[in-house]
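> Handing you this structure, nothing more for now.
The values are calculated or read from the model by the stated rules, or taken from the named source; none is laboratory data. Computed from a prediction, not measured in an experiment: that's the story for all the values here. Cβ placement follows ideal geometry from the backbone for every residue including glycine, while neighbour counts extend to all protein chains displayed.
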C-alpha cells in the first residue's frame, strides 16, 4: 500500500515536471508564437482592424515574414473615429484610402517600446512619418495603452486612437 502511494506520487510529480518543461520549451521557441494578425484576432479587441486589413488586402502582408511593428487601434478607437467622422464602419471600410490609413499604422522592422525616443520620427509603410513622444508614450496623438505584444513576425503596440495620415 505504501509503495503504491509512493509510486502514484512519483508518477504525478513526473507528469507535472514533463508538462512544466514542455510549456517552458514552447515559450522559449519563437516558432510557436502566432503572427501579428493571429495575435490581434486572438486578443478579441481588434475586430474592426481585422475587417479593415481583410478589406484592404493586407492580411497576407502582415502574416508575412516581417518583422513589422504595428500600432494597433482597438475597436473602441475605431468607434471613436466613426463618431468623429459621422460615418458607419461599412463606410470606413469602403474608403479609397483605407489601405494607406492602415499602412500608416505599420513600421518596417521590430521597434520595442525601449527603442522609442522622445521626438523620434518613424517612417511608416505608407511612406509618411509618425511622431513619437514619451511620458505618456504616444504616436502622434494616440496613447500607447499596451506596448510590446510579441508576435512571431514582429511586435504590436495597442493604441487608443486611429492614426490618420
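> Quick check: anything in segment 77-86 in contact with a helix residue (DSSP H, G or I) (Cβ under 9 Å, 6 or more places away or on another chain) and within 16 Å of residue 145 (Cα to Cα)?
Within segment 77-86 (the criterion being in contact with a helix residue (DSSP H, G or I) (Cβ under 9 Å, 6 or more places away or on another chain) and within 16 Å of residue 145 (Cα to Cα)), the answer is yes, since at least one residue qualifies.
> So which of 70, 37 is surrounded by 11 or more Cβ atoms within 10 Å (Cβ to Cβ), touching a helix residue (DSSP H, G or I) at 6+ places or on another chain (Cβ under 7 Å), modelled with pLDDT of 90 or more and not in a helix (DSSP H, G or I)? Break it down stepwise before answering.
Numbers: 37 fails: not in a helix (DSSP H, G or I).
None of the other options fit; the residue is 70.
> Let me ask you something else. Quick one: would you say residue 136 is in contact with a strand residue (DSSP E or B) (Cβ under 8 Å, 6 or more places away or on another chain), modelled with pLDDT under 95 and more than 17 Å from residue 52 (Cα to Cα)?
Details: in contact with a strand residue (DSSP E or B) (Cβ under 8 Å, 6 or more places away or on another chain): yes; modelled with pLDDT under 95: yes; more than 17 Å from residue 52 (Cα to Cα): yes.
Taking the combined requirement at face value, the residue satisfies it.
> Also, I was wondering about something else. Answer with yes or no whether residue 162 is closer than 10 Å to residue 71 by Cβ and in contact with a helix residue (DSSP H, G or I) (Cβ under 7 Å, 6 or more places away or on another chain).
Working: closer than 10 Å to residue 71 by Cβ: yes; in contact with a helix residue (DSSP H, G or I) (Cβ under 7 Å, 6 or more places away or on another chain): yes.
Criteria met by residue 162.
> Against the condition within 25 Å of residue 33 (Cβ to Cβ), in contact with a strand residue (DSSP E or B) (Cβ under 6 Å, 6 or more places away or on another chain) and touching a residue at least 24 places away in the same chain (Cβ under 8 Å), how does residue 154 come out, does it pass? Reasoning before the result, please.
Working: within 25 Å of residue 33 (Cβ to Cβ): yes; in contact with a strand residue (DSSP E or B) (Cβ under 6 Å, 6 or more places away or on another chain): yes; touching a residue at least 24 places away in the same chain (Cβ under 8 Å): yes.
Yes: the conditions hold for residue 154.
> Is it true that residue 65 is over 16 Å from residue 35 (Cβ atoms) and in a loop (DSSP other than H, G, I, E, B)? Give the derivation first.
Numbers: over 16 Å from residue 35 (Cβ atoms): no; in a loop (DSSP other than H, G, I, E, B): yes.
So residue 65 fails the test.
> Inside segment 99-165, counting only strands (runs of 3 or more DSSP E) that do not spill past its ends, which hold 1 or more residues that are surrounded by 15 or more Cβ atoms within 10 Å (Cβ to Cβ) and within 13 Å of the chain's Cα centre (by Cα)?
Numbers: elements: 106-108, 121-123, 129-133, 142-151, 154-159.
The strands (runs of 3 or more DSSP E) meeting that bar are 106-108, 142-151, 154-159.
> With the structure loaded, tell me whether residue 66 is in contact with a strand residue (DSSP E or B) (Cβ under 8 Å, 6 or more places away or on another chain) and at positive phi or whether it fails that test.
Numbers: in contact with a strand residue (DSSP E or B) (Cβ under 8 Å, 6 or more places away or on another chain): yes; at positive phi: yes.
Considered against the rule, which asks whether it is in contact with a strand residue (DSSP E or B) (Cβ under 8 Å, 6 or more places away or on another chain) and at positive phi, residue 66 comes out as yes.
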